[in-house]
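> Could you have a look at this structure, given as structure tokens, before my questions?
The values are calculated or read from the model by the stated rules, or taken from the named source; none is laboratory data. These numbers come from a predicted model, not from an experiment. Here Cβ is always computed from backbone atoms with ideal geometry, including for glycine, and neighbour counts include all displayed protein chains. Ligands, DNA and RNA are stripped out before the accessible areas are found, and what is left, the full protein with its side chains, is counted by its heavy atoms. Shrake-Rupley method; radii C 1.70, N 1.55, O 1.52, S 1.80 Å.
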Amino acid sequence: MVTEGVDNQDFNVDVIYKRIMKVFHDPSQPLEIAESQLRKLCLAVRDVIMSQPVLPELSVPVNICGDIHGQFEDFIEQIKSIGLPPDKSYLFLGDYVDRGKRSLETISLLFALKVKFPEHIFLLRGNHECASINRIYGFYDECKRRYNIKIWKTFTDVFNCMPLAALVENTIFCMHGGLSPDLYSPFDINKYERPMDIPNKGVLCDLLWSDPDPDIVGFGDNDRGVSFTFGANEVSKFLRRNNLSLIVRAHQVVEDGYQFFCKRKMVTLFSAPNYCGEFDNAAALLTVSKDLVCSFHIFKVSFIVTLTLITDQCHLF
């Protein structure tokens, strides 16, 4: 399959995909893709992403994944357990890079999957898909060490085009961070034009940065120094106003890989186990079935346990 919209006609995603899949099947191998091919992959995925809405609307069944943060070996074990596109569909909630040692492998695999199976994988933007953040927390240094600064800028151009949120079956609202006091409806997001930098305040910032807080009502200050925290009343209000059933977000380490909020009206997913080697957390992915039943796949750092948690199934209807 030759991807259109890339200026160099010798780009073939299948060639890159096969090289990346070698690493997928043997994670001990380094990623060996020439800079020119990696740049073409970025250009190709940018074209695909820009051809789709800033608020993608997805069908079920779908698997939803939280933060990965360059923990490539953990990530591929999770995908191997659940299955690859096109047999399985995925929605990723952002934060693919930084912190972990293999951000380039992680984001390159995701980009190749997106180009090859554009309707089976959707990549939302996290707060670490911003130059001001990944310049500091590892991705910039990894690109500079293994390639050069120019390739980091090419990835940044793609990050600036990524969608900010998604709707699953018009009933599950998904984003990386959380709610905003300035967001009335998910469909308001469609008015924003890409490419875009993320400002220090406002809807775009809040979708990537805000956090739930069980101890407040309304919106409050965020200890991160950016965006807001929001109470359970704001979750209920937003869902009721928009006739939604659930909000799925990422952005925070949680011990079991998932954590409910607001009487199971919101769930936080985190998909990087033993995060940074400093936390003893599990990872989780959320599967939404054709019947809109939500179940969790739980992954430990030293072994994998795939569980459909009967006690933690969430029937949306």
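> Check residue 86 against each of (1) under 17 Å from residue 271 (Cα atoms); (2) open to solvent by 10 Å² or more (accessible area, probe 1.4 Å); (3) modelled with pLDDT of 95 or more and name the one condition it does not meet.
Just one mismatch for residue 86, condition (1).
> Sticking with this structure for a sec: State which residue is surrounded by the most Cβ atoms within 10 Å (Cβ to Cβ) when the search covers only segment 188-201 and only residues that are acidic (Asp, Glu) and part of a loop (DSSP other than H, G, I, E, B). So that I can check it myself, show each step before the final result.
If we filter segment 188-201 for residues that are acidic (Asp, Glu), which is where we start, we get 188, 193, 197.
Then drop every residue that is not part of a loop (DSSP other than H, G, I, E, B), which leaves 193, 197.
Values: 193: 7, 197: 11.
Once the filter is applied, the top-ranked residue is 197.
> So which of 310, 298 is modelled with pLDDT under 95 and either closer than 29 Å to residue 97 by Cβ or open to solvent by 70 Å² or more (accessible area, probe 1.4 Å) (or both)?
On the way: 298 fails: modelled with pLDDT under 95.
The unique qualifying residue is 310.
> Right, here's the next one. Need a quick list: strands (runs of 3 or more DSSP E) entirely within segment 228-278 having at least 2 residues that are open to solvent by 10 Å² or more (accessible area, probe 1.4 Å) and among the polar types (S, T, N, Q). Can you show your working first?
Numbers: elements: 228-230, 246-249, 258-261, 266-269.
Strands (runs of 3 or more DSSP E) meeting the threshold: none at all.
> For segment 69-80, check the following and say yes or no: at least one residue is small (Gly, Ala, Ser), at pLDDT 95 or above and in a loop (DSSP other than H, G, I, E, B). Lay out the reasoning, then the answer.
So in segment 69-80, the residues small (Gly, Ala, Ser) come out as 70.
In the following step, the residues that additionally are at pLDDT 95 or above were identified as 70.
Subsequent filtering for residues that are in a loop (DSSP other than H, G, I, E, B) retains 70.
Within segment 69-80 (the criterion being small (Gly, Ala, Ser), at pLDDT 95 or above and in a loop (DSSP other than H, G, I, E, B)), the answer is yes, since at least one residue qualifies.
> Within segment 113-124, is there a residue that is touching a Pro at 6+ places or on another chain (Cβ under 9 Å), under 14 Å from residue 208 (Cβ atoms) and modelled with pLDDT of 95 or more?
yes
> If residue 286 satisfies all but one of (1) part of a loop (DSSP other than H, G, I, E, B); (2) farther than 13 Å from residue 212 by Cα; (3) out of contact with any Ser or Thr (no Cβ under 7 Å at 6 or more places or on another chain), what's the number of the condition it fails?
Just one mismatch for residue 286, condition (1).
> Additional query: Every residue in segment 61-78 that is in contact with a strand residue (DSSP E or B) (Cβ under 8 Å, 6 or more places away or on another chain) and either open to solvent by less than 30 Å² (accessible area, probe 1.4 Å) or under 22 Å from residue 139 (Cβ atoms) (or both), please.
Hits for segment 61-78 are 62, 63, 64, 65, 66, 67, 68, 74, 77, 78.
> Considering (1) assigned to a helix (DSSP H, G or I); (2) farther than 30 Å from residue 255 by Cβ, say which one residue 53 fails and leave the rest.
(1)
> Please tell me if residue 218 is over 21 Å from the mean Cα position of the chain (by Cα), open to solvent by less than 20 Å² (accessible area, probe 1.4 Å) and modelled with pLDDT of 95 or more. Break it down stepwise before answering.
Numbers: over 21 Å from the mean Cα position of the chain (by Cα): yes; open to solvent by less than 20 Å² (accessible area, probe 1.4 Å): yes; modelled with pLDDT of 95 or more: yes.
Taking the combined requirement at face value, the residue satisfies it.
> Out of segment 155-186, which residues are surrounded by fewer than 19 Cβ atoms within 10 Å (Cβ to Cβ) and β-branched (Val, Ile, Thr)?
171 - this is the single residue of segment 155-186 that is surrounded by fewer than 19 Cβ atoms within 10 Å (Cβ to Cβ) and β-branched (Val, Ile, Thr).
> Given the criterion touching a helix residue (DSSP H, G or I) at 6+ places or on another chain (Cβ under 8 Å), of a type in the set (A, V, I, L, M) and closer than 30 Å to residue 242 by Cα, identify the matching residue among 165, 112, 131.
On the way: 112 fails: closer than 30 Å to residue 242 by Cα; 131 fails: closer than 30 Å to residue 242 by Cα.
The unique qualifying residue is 165.
> Could you please find all residues in segment 67-102 being over 23 Å from residue 152 (Cα atoms) and touching a residue at least 60 places away in the same chain (Cβ under 8 Å)?
74, 77, 78, 81, 82, 91, listed by residue number.
> I'd like to check something: does segment 16-39 contain any residue that is in a strand (DSSP E or B), modelled with pLDDT of 95 or more and under 23 Å from the mean Cα position of the chain (by Cα)? Working first, answer last.
Kept after step one, since they are in a strand (DSSP E or B), are these residues of segment 16-39: none.
No, segment 16-39 has no match at all.
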